[in-house]
Amino acid sequence: ILAEKNLKKEIEEEVKYQRNILKLYIKSHPEFLHSFSPVEVESEEEIIQLMSESSKFTSTGPMASVAGAMAEIVGKKFLKYSRNIFIENGGDIFAKFDKDFTIGIYAGKSPFSMKIGIKMKKSEFPYGIGTSSGKIGHSFSYGDADAVSVISKSSAFSDGAATYFGNIVKGKIDEKKIEEELKKFPFIEGILIIREEKLFIWGNIELVYI
């Protein structure tokens, strides 16, 4: 968390509150936890609705968007306490700054890992950045990309989309296929895919050395 004042206690309480909502819902609806495809939900809770909506727009299971959804809900709530705020949750980011900033990309053993970053322009609207990997972390992926980073206005949607495109990268980056699939995702502003020594860049992405 980066903010203009210390919000550690308040944000910790909010995360626990949202996590408890998820735990209780999953207890009575286990398919929400286990499904790899969208499921209908029976809840008015914001985090459940956001994860469900993201899964439908990105053709993934609801949990593919959990980290991004948590970052987004917490970030939006605390914008009223801090005009500039950065919430990072396992590679999924909600960010709003009054100046340009750069996000470093961790891509495991790829030679690009922590050598390049994405420069983000200052904006009156928050950014949602999601990053998924087929080689790093405990999240499931059908693919083997070192990192797939997606930029949009929603952290949850970016998280789900990063999972979707990470599933496509198997053995190589098929640029033609990815460009064709991107037509289904009008909310994506930019995408960066790293697999070993190969890069794929599309949309509003400005890479910088770090």
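Per-structure values
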{"quantity": "Region 10-50, residues that are without any contact (Cβ under 8 Å) to a residue 12 or more places away in the chain and either buried (at least 16 other Cβ atoms within 10 Å of the Cβ) or under 16 Å from Lys77 (Cβ atoms) (or both)", "calculated": "Glu12, Glu13, Lys16, Tyr17, Asn20, Ile26, Gln49"}
{"quantity": "Members of region 155-176 that are crowded, with 24+ Cβ neighbours inside 10 Å and part of a loop (DSSP other than H, G, I, E, B)", "calculated": "Val169"}
{"quantity": "Matching residues, region 177-208, being under 14 Å from Ala147 (Cβ atoms) and either without any contact (Cβ under 8 Å) to a residue 24 or more places away in the chain or open to solvent by 40 Å² or more (accessible area, probe 1.4 Å) (or both)", "calculated": "Glu196, Glu197, Lys198, Leu199, Ile201, Leu207"}
{"quantity": "Selection status of Gly130, open to solvent by less than 20 Å² (accessible area, probe 1.4 Å), within 16 Å of Ile194 (Cα to Cα), touching a residue at least 12 places away in the same chain (Cβ under 8 Å) and in contact with a helix residue (DSSP H, G or I) (Cβ under 9 Å, 6 or more places away or on another chain)", "calculated": "yes"}
{"quantity": "Residue that is farthest from Lys96 (Cα to Cα) [pool: residues in region 3-57 that are among the β-branched types (Val, Ile, Thr) and out of contact with any Phe, Trp or Tyr (no Cβ under 9 Å at 6 or more places or on another chain)]", "calculated": "Ile21"}
{"quantity": "Residues of region 89-108 classified as surrounded by fewer than 18 Cβ atoms within 10 Å (Cβ to Cβ) and touching a residue at least 60 places away in the same chain (Cβ under 8 Å), total", "calculated": "2"}
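The values are calculated or read from the model by the stated rules, or taken from the named source; none is laboratory data. Predicted model only: the values in this text are computed from it and were never measured. Virtual Cβ from ideal backbone geometry, glycine too; neighbours counted across all protein chains shown. Accessible surface areas use protein heavy atoms only, side chains included; no ligands, DNA or RNA. Shrake-Rupley method; radii C 1.70, N 1.55, O 1.52, S 1.80 Å.
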